[in-house]
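Structure first, then comments.
The values are calculated or read from the model by the stated rules, or taken from the named source; none is laboratory data. Please read these numbers as outputs of a predicted model, since none were measured by experiment. Quick reminder, even Gly has a Cβ in these numbers, built from the backbone with ideal geometry, and neighbours come from all protein chains shown. Keep in mind that these areas ignore ligands, DNA and RNA; they rest on the heavy atoms of the full protein, side chains included. Shrake-Rupley method; radii C 1.70, N 1.55, O 1.52, S 1.80 Å.
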Protein chains: 2
Amino acid sequence: MAIFDDNRFCKRFGLTTPIALAPMAFASGSELTAACARAGALGLLGGGYGDAQWTAREYSIASQMLSADNQAHARLGCGFITWRMAENREALDLLLEREQAPAALMLSFGDPTPFAKDITDRGIPLICQIQSMDQLPQAVDAGASVIVAQGVEGGGHGYSANEGRSTFTFVPEIADWLSQNAPEVMLLAAGGVADGRGLAAALMLGADGVLLGSRLWATRESLAADQAIEAAVQASGDDTARSLVFDVLREKQWPPEYHARCLRNAIHRAWEDRFDELKQAPEDARAAYREGVETHDYSRAHVTVGQGVGLINSNAKAEDIIAEIDAEARALLR
Amino acid sequence: MAIFDDNRFCKRFGLTTPIALAPMAFASGSELTAACARAGALGLLGGGYGDAQWTAREYSIASQMLSADNQAHARLGCGFITWRMAENREALDLLLEREQAPAALMLSFGDPTPFAKDITDRGIPLICQIQSMDQLPQAVDAGASVIVAQGVEGGGHGYSANEGRSTFTFVPEIADWLSQNAPEVMLLAAGGVADGRGLAAALMLGADGVLLGSRLWATRESLAADQAIEAAVQASGDDTARSLVFDVLREKQWPPEYHARCLRNAIHRAWEDRFDELKQAPEDARAAYREGVETHDYSRAHVTVGQGVGLINSNAKAEDIIAEIDAEARALLR
């Protein structure tokens, strides 16, 4: 224990290890979120695109699952896609109105300012994920208690490969800025952290902890399909790409600066160099994609993982993954 | 000292700190290389594009500078761009024929196989830099003693932003492969390491040491112009881009998979979205670029640095930079 006893991220959120579950849409449901909270990590439900009914239901289920364990229950929070909240904030409002406030609410991908005060006025810690240095003052001014530095190696949405920052330099550069301008604000590394080496490295770079995506996506409690996880287990970190291909196939309208990293499977390879063609006439490709999703054919459906996928060799229980990462990091830091 | 006493990279090359100077073309000349070797690091002269006369002269000067210090002299080596050696290997041959063999020879950007045996047969350690997992077996089979994992956040040439790996996941994935397949082969992290936090993090991720580029590029002994270094000191890590723009402006013919990361200055911004136009009619832009180089106007000339540039706040002596990084890493690892 001693090694993380003084960790301020653990102290602030009552964690036994400085890990937060990334609020991954379509992966971080009630089961995974509750499992992470029970394992001593911060459990952030994947509020994602803001389906109010889904979010309220899954949050309630997670809350019930944790009701017998006050410490674990106090680690339950949720994350949202900010630009979707700007279109429809019902899901956020439902969580703000709960009798027992969430442990934290996280906003990513857009200006947090319009929602921040409603969160922080209720005493709920605000976590803001950023992709570039120029987003940092905005997040701190909005009242963020925690900044998440999202490196471009991570899975799912983030800045494009051309515009994005890598975790390795982004974390220390933010740490320097925070230590000069807002030393009370904490920092998590996201993007590429998939084992205890990554947690230890993130702490060396100046982070207070890590936000884990892909590694917790590939767990029994995740909403990801077993076949998708199997495809990820087989993949190397070379086998991903960041693009807009799957957003066109899935009919998601993200702001143009955000691309998504997924496995670079057959359907991605087929369209990545013919992207304009795909945008102009997406119907056939969308039909193939939908069939891939329905039949769990992950040469045609998307598998949302980052470059850390090369470090993922099993579909295991979230509790075991967190214990393993924690133990490996402690051994390295001792 | 104790912390790096058991470091096998230090032991093998007689170093006092697990740092190698990146053999940066047009930066790592005799002065910088000798300064790094004297400071306890591995000094790799930037043989770059393979100008035999330049390489032989600068190597001889560095050798003379170190002649009074056997330990430092034993840390003198050189690095080359592999695809250029395939066109003209005279510079390599001149170093192979030297009476006192180089401490190491490094090859990057291409298949090392045609040159590897000539190096290893002389007992010279071969260092191979790679950009993807699929290059790893080739480098190990060629007889590499050291693999350099080059993350896409680094400065200068490497894989494109879309194809490249980030240091944070690339290092541990290579470490895992080596531990199973070639445990005697050592591993350095390159790309994004610019301070003691980066060195400590690289070691946590499974590297034996680091290859330092940008941070040593921005030193008094570097061949980089003071005005270019000043532009780098002012920049944030957000201010770089990886592209082919400067290769067209400089008339360098790199294989298509390699792009270069430089400051995203005015001339880069002017052409990055009109790249086909630039390729078709580059004359005016080249004239502007050349004038930028001649007048030290770094809004028009290139400044070759990686995303770690946001961690570089001074133009200092290489010796002081290495001592500072070493001390910071030791303090973190203690």
Problem set entry | Dipole magnitude of the protein assembly as shown about its Cα centre (Cβ charges: Lys, Arg +1; Asp, Glu -1), debye to nearest 20 | 820
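Can you pull the Rg over Rh of segment B:184-334, Cα-only, Kirkwood?
Working: Rg = 17.1 Å, Rh = 16.6 Å.
Rg/Rh: 1.03.
So for chain A, averaging the separation of alpha carbon pairs under 8 Å that are six or more residues apart and normalising by length, what relative contact order in percent results? Display every interim value, and only then the final one.
Working: 732 pairs, mean separation 56.4, N = 334.
Reported as a whole number, the value is 17 percent.
Relative to the Cα centre, what is the charge dipole magnitude of chain B, using +1 at the beta carbon of each Lys and Arg, -1 at the beta carbon of each Asp and Glu, and rounding to the nearest 20 debye? List each step's numbers first, then the result.
Values: 29 positive and 45 negative charges, 86 e Å.
Result for chain B is approximately 420 debye, rounded to the nearest 20.
Report the local net charge at B:R122: Lys and Arg +1, Asp and Glu -1, summed over other residues whose C-beta lies under 12 Å from its C-beta. Numbers along the way, then the final one.
Values: positive: B:R98, B:K117; negative: B:D93, B:E97, B:E99, B:D118, B:D121.
Result for the local shell: -3.
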Seminar exercise, completed: Checked against the positive end of the charge dipole of chain B (+1 on Cβ of Lys and Arg, -1 on Cβ of Asp and Glu, about the Cα centre), the farthest of B:P255, B:G191, B:H157 is B:G191
Seminar exercise, completed: If amide H atoms are modeled at 1.01 Å from N in the peptide plane, then the residues at a separation of 5 or more from B:S166, or on another chain, having amide H under 5 Å from its own are B:V152
Exercise. Can you list, shortest first in nanometers, how far B:K252 lies from the same residue in the other copies, with each label 7 Å from Cα toward Cβ?
Worked result: 3.6
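Under unit Cβ charges (Lys, Arg +1; Asp, Glu -1), what dipole magnitude, rounded to 20 debye, does segment A:1-141 have relative to its Cα centre? Show your work: numbers first, answer last.
Working: 11 positive and 16 negative charges, 66 e Å.
Taking the Cα centre of segment A:1-141 as origin, the dipole is about 320 debye.
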Problem set entry | Position A:A327, label points 7 Å along Cα→Cβ, spacing to each other copy in nm (shortest first, one decimal) | 3.9
Exercise. Farthest toward the dipole's positive end in the protein assembly as shown, which of B:V309, A:L205, B:I130, given Cβ charges of +1 (Lys, Arg) and -1 (Asp, Glu) about the Cα centre?
Worked result: A:L205
Problem set entry | Drop in accessible area of at least 40 Å² in the complex versus isolated chain, residues of segment A:166-203, 1.4 Å probe | A:S166, A:F168, A:T169, A:E173, A:D176, A:R197, A:A201
Exercise. Along the principal axes of its C-alpha atoms, what lengths does chain B span, in descending order and rounded to whole Å?
Worked result: 53, 42, 42
Exercise. In terms of Cα to Cα distance under 16 Å, which lysines are near enough to B:K252, apart from those fewer than 8 places away along the same chain?
Worked result: B:K279
For this session: Would you please give the residues with an amide H less than 5 Å from that of B:H157, counting only those at least 5 places away or on a separate chain, with H modeled from the backbone geometry?
Result: B:R261
For this session: If a/c stays under 1.5 just call it rounded; otherwise compare a/b with b/c (prolate if a/b is bigger, oblate if not). Do that for segment A:1-129, with a ≥ b ≥ c from the square roots of the Cα gyration tensor eigenvalues.
Result: prolate
Problem set entry | Positive-pole candidate from B:A72, B:C36, B:G14, dipole of segment B:1-80, charges at beta carbon | B:G14
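Using the Kirkwood formula on the Cα atoms of the protein assembly as shown, what hydrodynamic radius do you get, in angstrom to one decimal? Each step should come with its number before you reach the end.
Details: mean 1/r = 0.0394 Å⁻¹.
For the protein assembly as shown, inverting the mean 1/r across all distinct Cα pairs yields 25.4 Å.
Can you give the mean number of other chain Cβ atoms that lie within 10 Å of the Cβ atoms in peptide B:236-243? Intermediate values should be presented prior to the final figure.
Values: counts 6, 10, 11, 1, 2, 2, 2, 1.
Going residue by residue through B:236-243 and averaging, the value is 4.
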Problem set entry | Shielding by partners - mean other protein chain Cβ count within 10 Å, residues of B:129-140 | 1
For this session: Work out from phi, with θ = phi - 60° and the Karplus expression 6.51 cos²θ - 1.76 cosθ + 1.60, the ³J(HN,Hα) of each residue of segment B:201-211, listed in order in whole Hz, and give x for Gly and Pro.
Result: 5, 4, 5, 4, 6, x, 7, 8, x, 9, 10
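At most 14 other Cβ atoms within 10 Å and a DSSP loop assignment: could you name the GluC sites (Glu not before Pro) in segment B:211-270 that fit? All intermediate terms of the calculation are to be shown ahead of the outcome.
Numbers: sites: B:E221, B:E230, B:E251, B:E257; in loops: B:E221, B:E251, B:E257.
Passing sites in segment B:211-270 are B:E251, B:E257.
If I take every Cα pair under 8 Å that is 6 or more residues apart in segment A:226-303, average their sequence separation and divide by the length, what percent do I get for the relative contact order? Please list the in-between numbers first.
Working: 84 pairs, mean separation 28.8, N = 78.
Computed value for segment A:226-303: 37 percent relative contact order.
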Seminar exercise, completed: homo-copy label distances at A:A182 (7 angstrom along Cα-Cβ), nm, one dp, ascending, are 4.6
Problem set entry | All Cα pairs of segment A:226-303, percent lying beyond 19 Å | 31
Seminar exercise, completed: With R₀ set to 45 angstrom, the calculated FRET efficiency between the beta-carbons of A:E324 and B:N313, to the nearest 0.05, is 0.75
Seminar exercise, completed: Buried accessible area between A and B, both sides, 1.4 Å probe, in Å² rounded to 100, is 3100
Problem set entry | Buried on assembly, segment B:296-320 (at least 50 Å² less accessible surface than by itself, 1.4 Å probe) | B:Q307, B:L311
Seminar exercise, completed: Residue-ordered couplings for segment A:115-132, obtained by feeding phi - 60° into the Karplus form 6.51 cos²θ - 1.76 cosθ + 1.60 and rounding to whole Hz (Gly and Pro as x), are 10, 4, 5, 4, 7, 6, 4, 8, x, 8, x, 9, 10, 10, 8, 10, 10, 8
Problem set entry | At 1.002 mPa s and 20 °C, Stokes D of segment A:147-229 from Kirkwood alpha-carbon radius, µm² per second | 160
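What average number of partner chain Cβ atoms lie no more than 10 Å from the Cβ of the residues making up B:151-161? Numbers along the way, then the final one.
On the way: counts 7, 6, 10, 3, 0, 0, 0, 0, 1, 2, 8.
That average works out to 3.
Taking Cα pairs under 8 Å and at least six residues apart, what relative contact order does segment A:94-239 come out at, in percent? Each step should come with its number before you reach the end.
Numbers: 234 pairs, mean separation 23.3, N = 146.
Reported as a whole number, the value is 16 percent.
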Problem set entry | Karplus 3J(HN,Hα) series, Hz, for segment B:214-231 with 6.51 cos²θ - 1.76 cosθ + 1.60 (x for Gly, Pro) | 3, 4, 8, 4, 8, 10, 4, 7, 5, 6, 4, 5, 4, 5, 5, 5, 4, 4
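What is the packing order of peptides A:262-268, A:326-332, B:30-36, taking the mean over residues of other C-beta atoms within 10 Å and listing the highest first?
Values: A:262-268: 21.0, A:326-332: 17.6, B:30-36: 26.4.
Per-residue mean Cβ counts within 10 Å order the peptides as B:30-36, A:262-268, A:326-332.
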For this session: Search the structure for amide H atoms under 5 Å from the amide H of B:M106, placed 1.01 Å from N in the peptide plane, and list their residues when 5 or more places away or on another chain.
Result: B:C78, B:G79, B:F80, B:I127
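Considering only protein heavy atoms and a 1.4 Å probe, what is the carbon-and-sulfur percentage of the accessible area of the protein assembly as shown? Display every interim value, and only then the final one.
On the way: 11350 of 24940 Å².
With neighbouring chains kept in place, the figure for the protein assembly as shown is 45 percent.
Would you mind working out the accessible area per residue for the protein assembly as shown, using a 1.4 Å probe, and quoting it in Å²?
Details: 24940 Å² over 668 residues.
Per-residue accessible area for the protein assembly as shown comes out at 37 Å².
Can you give the FRET efficiency for A:A2 and A:T120, using 1/(1 + (r/R0)^6), R0 = 35 Å, r = Cβ-Cβ distance, to the nearest 0.05?
Working from the Cβ atoms, E equals 0.60.
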